[in-house]
Amino acid sequence: VGVVHADPHPGNIILTQEDDICLLDFGMVCLVPEHHRTVWAKCVVDLVRRDHGAVLDDLIEIGFFPRECPREEMLPVLSKIWDQLVECGSDITKRKSAVQLLYSEILTLVRRFEFALPDYYVALVRALLTLEGMALAADCNFDIFE
C-alpha cells in the first residue's frame, strides 16, 4: 500500500477482541512510493546478508546518493557503519555507543558525498524506532536485525 503510520506509539494501537491490531490517529502518515518499497525490501535482505555493495546500490536507487557517486571511497565507510550497527542488534546502549563512535565517519560521509533523504524517510525511521521500542518492552531479547 505504501502508507506508513508515522506515530505508532502504544496510545495509537489497540488489540481488538478478535486479536487484530487496530491503528488509531492517522494525523501523521507518510507515503512510500511503490518502487522504493521494492528497493527497501531488497535493501533489508542485502543488509542482513552483509552485501554492502548491493546495499549501496539500493540506496543509490532510492536517491540517497547520486548514481555517479564515488563507490570505491564510500563503500569502506558505509561498510564500517553498517557492520557496527548490525552487530549491536537491538541493544540500545551498544547502539548509542556505536553511533557516537561512528559519528565523525557519518558526518564525513554526509559532508563529503552528495547525500539526500527521501521526504518520507524521517517519519519512516521514527515509526520503526517506536515499534522497536514497543517490541523491546514486550520482549527484552527482541533483535530487529534477526
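Note on the range 1-48: residues that are touching a Gly at 6+ places or on another chain (Cβ under 9 Å) and acidic (Asp, Glu) total 4. Among the residues making up the range 80-98, a single one is over 15 Å from the mean Cα position of the chain (by Cα), polar (S, T, N, Q) and closer than 19 Å to Leu109 by Cα: Ser97. For Asp119, the conditions (1) under 29 Å from Val3 (Cβ atoms); (2) of a type in the set (Asp, Glu); (3) assigned to a helix (DSSP H, G or I) all hold with the exception of (3).
Whether any residue in the range 108-123 is surrounded by 14 or more Cβ atoms within 10 Å (Cβ to Cβ), modelled with pLDDT of 85 or more, under 29 Å from His35 (Cβ atoms) and of a type in the set (A, V, I, L, M) is what I want to check. So far as the range 108-123 goes, yes, one or more of its residues are surrounded by 14 or more Cβ atoms within 10 Å (Cβ to Cβ), modelled with pLDDT of 85 or more, under 29 Å from His35 (Cβ atoms) and of a type in the set (A, V, I, L, M). Filter the range 62-76 for residues that are in a helix (DSSP H, G or I) and within 23 Å of Leu124 (Cβ to Cβ); which is modelled with the highest pLDDT? Top of the filtered list is Ile62. Number of residues in the range 36-61 that are more than 30 Å from Pro10 (Cα to Cα) and touching a residue at least 12 places away in the same chain (Cβ under 8 Å): the value is 10. Scanning the range 1-24 for residues that are surrounded by 11 or more Cβ atoms within 10 Å (Cβ to Cβ) and under 17 Å from Ala135 (Cα atoms) yields a total of 9. Screening Leu131, Leu59 for residues that are in contact with a Pro (Cβ under 8 Å, 6 or more places away or on another chain), surrounded by 15 or more Cβ atoms within 10 Å (Cβ to Cβ), assigned to a helix (DSSP H, G or I) and modelled with pLDDT of 75 or more leaves exactly one candidate, Leu131. Consider the range 77-99 and keep the residues that are hydrophobic (A, V, I, L, M, F, W, C) and out of contact with any His (no Cβ under 9 Å at 6 or more places or on another chain). The one that is modelled with the highest pLDDT is Val77. Against the numbered list (1) in contact (Cβ under 8 Å) with a residue 24 or more places away in the chain; (2) in contact with a Leu (Cβ under 8 Å, 6 or more places away or on another chain), Ile14 comes up short only at (1).
The values are calculated or read from the model by the stated rules, or taken from the named source; none is laboratory data. These numbers come from a predicted model, not from an experiment. FYI the Cβ positions are ideal-geometry reconstructions off the backbone, even for glycines, and counts take in every protein chain you see.
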